[in-house]
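A short write-up of the structure that comes next.
The values are calculated or read from the model by the stated rules, or taken from the named source; none is laboratory data. A quick note: this is a predicted structure, and the numbers were derived from the prediction, not measured. Here the Cβ positions follow ideal geometry from the backbone for every residue, glycine too, while neighbour counts run over all protein chains shown.
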């Protein structure tokens, strides 16, 4: 059972950062008036976080609740990196998406997207709070960088968070595939040996479930509306799945292994699993669970398609990968070796991924004003 | 009120329930008798301005006969549904006796027109009792009894750990109402 603690007072370090945050909002064009009565709060669920380190070399010892309790500098550095990467993605997604509010297909979608952006900013606040409050000068520097890097300049830490989100189909794919990856990352940190990080994850995960639900529902509503053919939608699924899979990191990752040894980041199913972790293949194991989950979700999304439209599917995990053992190799969407030259493969990719002409057609024809390309839904609070 | 409610929470009763929320929800909501497809359709099809046909669709899903209301009563009902805002339940007092006498029906209308209200259901009431919250039985949409029912489910939702929320695509009030109903049904 969990009862969320809401932090009432902030340290001077964090208050200084909050000033910079307001400047960041202005810089990226996010009008604070859009927040309405939403308040950014720092929330902890200490009960879910647990008291004892749950895995790794320090298993059974009390979780660390202050920097000086962390036994080695390299473990502190690993925790700071984890928090910084998480915070970086939160602010990046707002930079990528806030321009979409002006073109929302319905009021429900506008409010949903706005709620997501508010909550992503709150998650960014939470990560900045951890850095400023627990990690001294080093943390303050890293927190400042969360607002200095920018998705539109391509300087965010992870590739997916520098990719442009030009329209609402990309928004729904992003929230379905990339926020779902976010759910995995947050859950893997929810068992962390650094207690304030673990305690941050419960409230964030409750909010994150709405984000990926928005993505899945959005895609389902597009399929049901039947205006955009599923063969066309499939290209966007092909585009986003490989990005989502890459976000889990490299195969046989040593940094994932060290994070596990330190107890900083566990497996997705750390508390549920009865097996010992395969420390050499931690990223692969989480990626595999994610891959199974998105396949099942896509089958559900595809159910509502108009008669005669082909079923949507998740492309092979070998297709179009940017990192790992399949990276740089030529595979089809169904995972077979591509027979042909690199030029022929480029042509093949153009046929299975969205082209400039597809982008034009999507925005100017399928999503043209007056076209009901997505099933209507009302905001009901 | 929140303090009073929290002081009366029995953690030992709630913890085993929270461990089973996703499974309990799935059993109840996806039971063919619950007609989950139609439920999910209604989330989209019921919207402002509420029409008589929309309310009929809710009656059909609930397995209720259509309302027998005169024109004025129908209008009163639809104005009520447009006016009420969560967490208010006192506005129920403004309804005609004919309408207010059926808590199941009115709670279903409230749920589909404003998702933060929950459907009144005997299994859910039984489940709440098992969790330490004894909500009196009633046929009438009493603002205080229905208010306590909705507020208790909201409190349980607030206390639930994140693991309860990971897999669902219905409003959270439905997630918890359905899980509590299954918990009550199994007793």
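In the range B:157-169, is there at least one residue being touching a residue at least 60 places away in the same chain (Cβ under 8 Å), over 23 Å from residue B:40 (Cα atoms), facing chain A (nearest Cβ under 10 Å) and not in a loop (DSSP other than H, G, I, E, B)?
Within the range B:157-169, one or more residues are touching a residue at least 60 places away in the same chain (Cβ under 8 Å), over 23 Å from residue B:40 (Cα atoms), facing chain A (nearest Cβ under 10 Å) and not in a loop (DSSP other than H, G, I, E, B).
Assess whether residue A:195 counts as being surrounded by fewer than 24 Cβ atoms within 10 Å (Cβ to Cβ), over 21 Å from residue A:349 (Cβ atoms), away from chain B (no Cβ under 11 Å) and modelled with pLDDT of 95 or more.
It is true that residue A:195 is surrounded by fewer than 24 Cβ atoms within 10 Å (Cβ to Cβ), over 21 Å from residue A:349 (Cβ atoms), away from chain B (no Cβ under 11 Å) and modelled with pLDDT of 95 or more.
Take the residues in the range A:1-36 that are in a loop (DSSP other than H, G, I, E, B) and within 14 Å of another protein chain (Cβ to nearest Cβ); name whichever of them is surrounded by the fewest Cβ atoms within 10 Å (Cβ to Cβ).
Per the criteria, the residue is A:3.
Here is a list: B:153, B:180, B:145. Which entry is modelled with pLDDT of 95 or more and surrounded by fewer than 21 Cβ atoms within 10 Å (Cβ to Cβ)?
B:145
Wholly within the range A:210-305, which helices (runs of 4 or more DSSP H) include no fewer than the required count, namely at least 1 residues that are within 23 Å of residue A:199 (Cα to Cα)?
A:254-261, A:282-302
Conditions tested, residue by residue: (1) in contact (Cβ under 8 Å) with a residue 24 or more places away in the chain; (2) surrounded by 17 or more Cβ atoms within 10 Å (Cβ to Cβ); (3) within 14 Å of chain A (Cβ to nearest Cβ); (4) assigned to a loop (DSSP other than H, G, I, E, B).
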site: B:75; (1), (2), (3), (4): no, no, no, no
site: B:78; (1), (2), (3), (4): yes, yes, no, no
site: B:81; (1), (2), (3), (4): yes, yes, yes, no
site: B:85; (1), (2), (3), (4): yes, no, yes, yes
site: B:88; (1), (2), (3), (4): no, no, yes, yes
site: B:106; (1), (2), (3), (4): yes, yes, no, no
site: B:112; (1), (2), (3), (4): yes, yes, yes, no
site: B:115; (1), (2), (3), (4): yes, yes, yes, yes
site: B:139; (1), (2), (3), (4): yes, no, no, yes
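Can you tell me which residue in the range B:2-19 is nearest to residue B:152 (Cα to Cα), limited to those that are facing chain A (nearest Cβ under 9 Å) and part of a helix (DSSP H, G or I)?
Per the criteria, the residue is B:6.
Limited to the range B:38-57, what total is found for residues that are surrounded by 12 or more Cβ atoms within 10 Å (Cβ to Cβ) and either in a loop (DSSP other than H, G, I, E, B) or within 12 Å of chain A (Cβ to nearest Cβ) (or both)?
Within the range B:38-57, residues that are surrounded by 12 or more Cβ atoms within 10 Å (Cβ to Cβ) and either in a loop (DSSP other than H, G, I, E, B) or within 12 Å of chain A (Cβ to nearest Cβ) (or both) number 12.
Output the residues belonging to the range A:362-381 that are surrounded by fewer than 16 Cβ atoms within 10 Å (Cβ to Cβ) and without any contact (Cβ under 8 Å) to a residue 60 or more places away in the chain.
Across the range A:362-381, the qualifying residues are A:364, A:365, A:368, A:369, A:370, A:381.
Any idea how many residues of the range B:1-33 are free of Cβ contacts under 8 Å to residues at least 24 places away in the same chain and within 22 Å of residue A:224 (Cβ to Cβ)?
Result for the range B:1-33: 2.
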